[in-house]
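What follows is a set of notes on a single structure, which appears directly below.
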């Protein structure tokens, strides 16, 4: 029997991951996500600032066929993460109500406003919109305005956008592979969704996604993404330090980082081994310090610094929690773990997979239609798909 599948694709600097799952209803527990398949290929497809789409599409086709075989069903649509050419901005939308009760439709009227429509005339196209604060009658700031009588409602929106060119490249890549994009998701947002729990999302949480090329920073408050930024330093800079100081190649440096960055129990180390561990520690420490400085400059730091979650490749460093505790001067720091996602431990417990796992959570937390059996006769552009998604909210 055919099943509704949720499919997600993550294309990184030297790795492409394809995950397929389904929603399962558990009596008295609600929905969970069961991972059916996860496949990955590593390679090089960056040519200067361009992608070798032929190589990348051949890898994607291979992963697609493998996932279809493991899932026992054809895959037509996929959610795609993006971590480049993105931007974050805030827009204030005012609505005059003439002393009537505020409804959800009043809040969502933003999607019919000139401010929102004008976003589609720019080079950057919105992929996420979050109402992050509400003010009633220019006086009261409330967490939930629905049901309150007001003359005027002011909503501050957080908009995450991606360049039109990037979306076009994603669409072209998928077209070469014979599938379509159902939605584009900011990778750091997806990773955060996989890493945090409901309490943290509601009360406020900072998430540090330390990945290969950079470190992505997000802040969630009241279940909304209020802040997204990044620093251009990631795990590859740990490798680069090892390369330069020890005069070794990148492969050897990566092997040393993995060995000495994850093993805390080896004793009687010689001088060189201790030096390697110090090199790794200093760079990881710098990444956390630079992240903290970036967050402190935002207005949301004091609202969310009671909960901090670390994920990504950098979260595998054995002393990451102690380093973060000392820098942030707080005890409530943990490694991000997927919530309500089930599957092989090698998939679920690998923090490098949190972006893929978070996209699965995103599919269930929105009203987006992820039915893989749906095939429309009229093909829409990627911009039309995104625009219609917001208009349907």
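What follows draws every value from the coordinates through simple rules; no lab data is involved. Everything quoted here is computed from the prediction, not taken from an experiment. In this analysis, Cβ positions are derived from the backbone assuming ideal geometry, glycine residues included, and neighbour counts consider all displayed protein chains.
Sum -39500 (n - 2.57) across every DSSP H segment of at least 4 residues in the chain, then divide by the residue count to get the 222 nm mean residue ellipticity, nearest 500.
Calculated at 222 nm, the ellipticity per residue is -11500 deg cm²/dmol.
Using Cα pairs closer than 8 Å and at least 6 residues apart in sequence, work out the relative contact order for the chain, in percent.
19 percent
Taking 0.36 nm per residue of separation and subtracting the Cα-Cα distance, what length does fully extending residue 142 through residue 34 add?
Gain on extension, residue 142 to residue 34, equals 35.2 nm.
Would you please give the FRET efficiency between residue 13 and residue 101, computed as 1/(1 + (r/R0)^6) with r the Cβ-Cβ distance and R0 = 56 Å, to the nearest 0.05?
Working: r = 50 Å, r/R0 = 0.90.
FRET efficiency, residue 13 to residue 101: 0.65.
As an exercise, use a Förster radius of 30 Å and the Cβ-Cβ distance of residue 232 and residue 342 to find the FRET efficiency, rounded to the nearest 0.05.
The calculated FRET efficiency here is 0.30.
Sticking with the crude label model, points 7 Å out along Cα→Cβ, report the distance from residue 270 to residue 166 in nm, one decimal please.
4.6 nm
When you count, for each residue, the other Cβ atoms within 10 Å and take the mean per peptide, how do 16-25, 184-193, 266-275, 212-221 rank with the highest first?
184-193, 212-221, 16-25, 266-275
Pop a pseudo-label 7 angstrom from the Cα along the beta-carbon direction at both residue 197 and residue 27 and give the gap in nm to one decimal.
Here the modelled spin labels are 2.6 nm apart.
Between residue 115 and residue 175, what FRET efficiency follows from the Cβ-Cβ distance if R0 is 25 Å, with the result rounded to 0.05?
With a Förster radius of 25 Å, E is 0.20.
How much length, in nm to one decimal, is gained on full extension between residue 300 and residue 65, taken as 0.36 nm per residue of separation minus their Cα-Cα distance? Intermediate results must be reported in sequence, preceding the final value.
Values: separation 235, 0.36 × 235 = 84.60 nm, distance 4.39 nm.
Using 0.36 nm per residue and subtracting the Cα-Cα distance, I get 80.2 nm.
Within the chain, what percent of beta bridges assigned by DSSP are antiparallel, to the nearest 5? Before the final figure, lay out the partial values.
On the way: 60 of 77 bridges.
DSSP beta bridges in the chain are roughly 80 percent antiparallel.
For residue 329 and residue 52 in one chain, what is 0.36 nm times their gap in residues minus the Cα-Cα distance, to one decimal in nm?
So the chain would gain 95.2 nm between residue 329 and residue 52.
Quick one: go through the range 143-159 and flag any residue whose amide nitrogen is under 11 Å from the point 7 Å out along the Cα-to-Cβ line of residue 94.
Flagged as within label range: 152-155.
Using only the alpha-carbon atoms, how far is helix 354-365 inclined from the longest principal axis of the chain? Give it as 0 to 90 degrees, nearest 10.
20 degrees
So for the range 199-335: antiparallel DSSP bridges make up what percent, rounded to the nearest 5?
Expressed as a percentage, antiparallel bridges in the range 199-335 total about 65.
How high is the relative contact order of the range 94-146, given as a whole-number percent (alpha carbon pairs under 8 Å, six or more residues apart)? Don't jump to the answer; show the numbers that get you there.
Values: 24 pairs, mean separation 16.7, N = 53.
Computed over the range 94-146, the figure is 32 percent.
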